[in-house]
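The values are calculated or read from the model by the stated rules, or taken from the named source; none is laboratory data. Only a predicted model underlies this, so the values are computations on that prediction, with no experimental measurement involved. Cβ: placed from backbone, ideal geometry, glycine included. Neighbour counts: every protein chain shown. Remember, those area values only see protein heavy atoms, side chains included, never the ligands or the DNA or RNA. Shrake-Rupley method; radii C 1.70, N 1.55, O 1.52, S 1.80 Å.
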Amino acid sequence: MTDKKLLVLGAGGLLGQELFDKDYLPQWTIEGHFGRQQETNANLNNYEQAMSYLDDINPDAIINLVALTDVDYCEKHPDDSYTINVKVVENIVSWIKNQEKKVQLVHISSDQVYDGEGLHQVENVTLKNYYAFSKYAGELAASCIDSAILRTNFFGKSNAPKRSSFTDWLYHSLKNQREIQVFDDVFFSPLSMSCLCEMIALVITKDVTGIYNLGSRSGLSKADFAYKFASALQLNTSSMTRAKIADVDIVKTYRPRNMRLDVSKFEKTLGVTLPCLNQEIIKVTKEYI
């Protein structure tokens, strides 16, 4: 056991619970900030509380998973979006700057900073809603120090209490034959949560800095993803239909249509070959059997 300490901020979320619960970094002592789930945790968007909390933990590395991800809410409440997606990052960076020792920062961003024809390289940022704007502003804050910024998307079975993932929604909707629509004009290239956590652990281990796309090597439309997921689990798809996102009334805020990622920079820097999305779907279906 090493005396190096890793702090996971947002440990109660989908990805945070996966990263915190499982042994991805056995050589590190891991602490978690669970937000509202623990009264003893600091309010990280409050400067004084954040400084005091980070002083007490005194981590050698920080993974920031704190985010307000409700796109419609962010659009209606830009101040709240800034507070969570930007101010928290500014406070983390401010604390790190004041340390005499080196502190690693891995900041998790979003594939929603892209739109238009993919595969997107890191230079091709296109911001189409306030959620994307706030996540990009958070990246700018993280870039004030030598940090690793990972633009990503993920899926898999949730281990977080009261939190459901995209595949949880698909699985339970199809099992219960609830009528749902899946978009054939929205494209993405997510990773399974387990693979994403392995890659985050590798970034920590190799102390990599810079901005990277981190996703599967080939993307799919969300509709094709849903049908492949259902087929692998032999689920009845009669209650699921394809739709265009522009034709669905419940989607109030513009969402990017194409978020597929060019992951070659990450692969070259880390010396890995990321999996294809079809491989990741098959792997995740085993979590539901």
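Counting Lys and Arg as +1 and Asp and Glu as -1, each charge on the Cβ, what is the dipole of the stretch 241-287 about the Cα centre in debye, to the nearest 20? Before the final figure, lay out each step's value.
Numbers: 10 positive and 6 negative charges, 21 e Å.
Rounded to the nearest 20 debye, it is 100 debye.
Normalising by the residue count of the chain, find the relative contact order in percent from Cα pairs under 8 Å and 6+ residues apart.
With pairs under 8 Å counted, the relative contact order is 20 percent.
Pull up all non-local amide H partners of Val208: gap of 5 or more, or a different chain, and H-to-H distance under 5 Å with H placed in the peptide plane.
For Val208, no residues qualify.
Between Leu174, Ile211, Ala201, whose Cα lies farthest towards the positive end of the dipole of the stretch 170-248 when Lys and Arg beta carbons carry +1 and Asp and Glu beta carbons carry -1, centred on the Cα centre?
So the residue we want is Leu174.
Need the full-extension length gain, Glu287 to Lys206, defined as separation in residues times 0.36 nm minus the C-alpha distance. One decimal, nm.
26.3 nm
Got a sec to turn the phi values of the stretch 114-126 into Karplus ³J(HN,Hα) couplings, 6.51 cos²θ - 1.76 cosθ + 1.60 with θ = phi - 60°, whole Hz, x for Gly and Pro?
Whole-Hz 3J(HN,Hα) from phi for the stretch 114-126: 10, 6, x, 4, x, 7, 8, 8, 5, 7, 8, 6, 9.
How much of the accessible area of the chain, in percent, comes from carbon and sulfur atoms when a 1.4 Å probe is used?
Within the chain, the accessible surface is 46 percent carbon and sulfur.
Per residue, how much accessible area does the chain show when a 1.4 Å probe rolls over the protein heavy atoms, in square angstrom?
Computed with neighbouring chains in place, this is 46 Å² per residue.
Which residues' amide hydrogens lie under 5 Å from the amide hydrogen of Ile62, considering only partners 5 or more residues apart or on another chain, with H built in the peptide plane?
Leu7, Gln104, Leu105, Val106
Pull up all non-local amide H partners of Asn258: gap of 5 or more, or a different chain, and H-to-H distance under 5 Å with H placed in the peptide plane.
Gly116, Phe187
Could you work out how much longer the chain between Gln279 and Asn176 gets when fully extended? Use 0.36 nm per residue separation minus the Cα distance between them, nm to one decimal.
Length gained, Gln279 through Asn176: 34.5 nm.
Hey, what do the phi angles of the stretch 56-65 turn into as Karplus ³J(HN,Hα) couplings, whole Hz, using 6.51/-1.76/1.60 and θ = phi - 60°, x for Gly and Pro?
5, 6, 6, x, 8, 8, 10, 10, 9, 10
Any idea what Rg and Dmax come out to for the chain if you just take the C-alpha atoms, in Å?
Rg, Dmax (Cα atoms, Å): 18.7, 60.
Rounded to whole Hz and in sequence order, give me ³J(HN,Hα) for the stretch 240-257 from the Karplus expression 6.51 cos²θ - 1.76 cosθ + 1.60, θ = phi - 60°, writing x for Gly and Pro.
Those phi angles translate into 10, 10, 7, 8, 9, 4, 5, 9, 9, 5, 6, 8, 8, 9, 4, 10, x, 8 Hz.
What nm value, rounded to one decimal, do you get for the distance between Glu267 and Lys102 when each label is placed 7 Å out toward the C-beta?
Each label point lies 7 Å from its Cα, and together they span 2.8 nm.
Report, in debye and to the nearest 20, how large the dipole of the stretch 66-206 comes out about its Cα centre when Lys and Arg carry +1 and Asp and Glu carry -1 on their Cβ.
Once rounded to the nearest 20, the dipole reads 620 debye.
In 10 Å bins starting at 0, how do the alpha-carbon pair distances of the stretch 140-236 split up by percent?
14, 38, 30, 15, 4
Where a ≥ b ≥ c are the square roots of the eigenvalues of the C-alpha gyration tensor, would you call the stretch 226-272 rounded, which needs a/c under 1.5, or, failing that, prolate if a/b is larger than b/c, or oblate? Spell out each step's value before the answer.
On the way: a/c = 4.79, a/b = 1.42, b/c = 3.37.
It is oblate, given that a/c is not under 1.5 and a/b is not larger than b/c.
Please say if the stretch 191-289 is rounded, prolate or oblate, where rounded means a/c under 1.5 for a ≥ b ≥ c the square roots of the C-alpha gyration tensor eigenvalues, and otherwise the choice is prolate for a/b larger than b/c and oblate otherwise?
Cα axes put the stretch 191-289 in the oblate bin.
Pull out a ≥ b ≥ c, the square roots of the eigenvalues of the alpha-carbon gyration tensor of the stretch 1-104, then state rounded if a/c is under 1.5, prolate if not and a/b is larger than b/c, and oblate in the remaining case.
oblate
Considering only C-alpha atoms, what is the centroid distance from the stretch 221-289 to the stretch 118-196, in Å?
10
Using Cα-Cα distances under 8 Å and only pairs 6 or more residues apart, what relative contact order does the stretch 152-256 have, in percent?
Once divided by the residue count of the stretch 152-256, the mean separation gives 38 percent.
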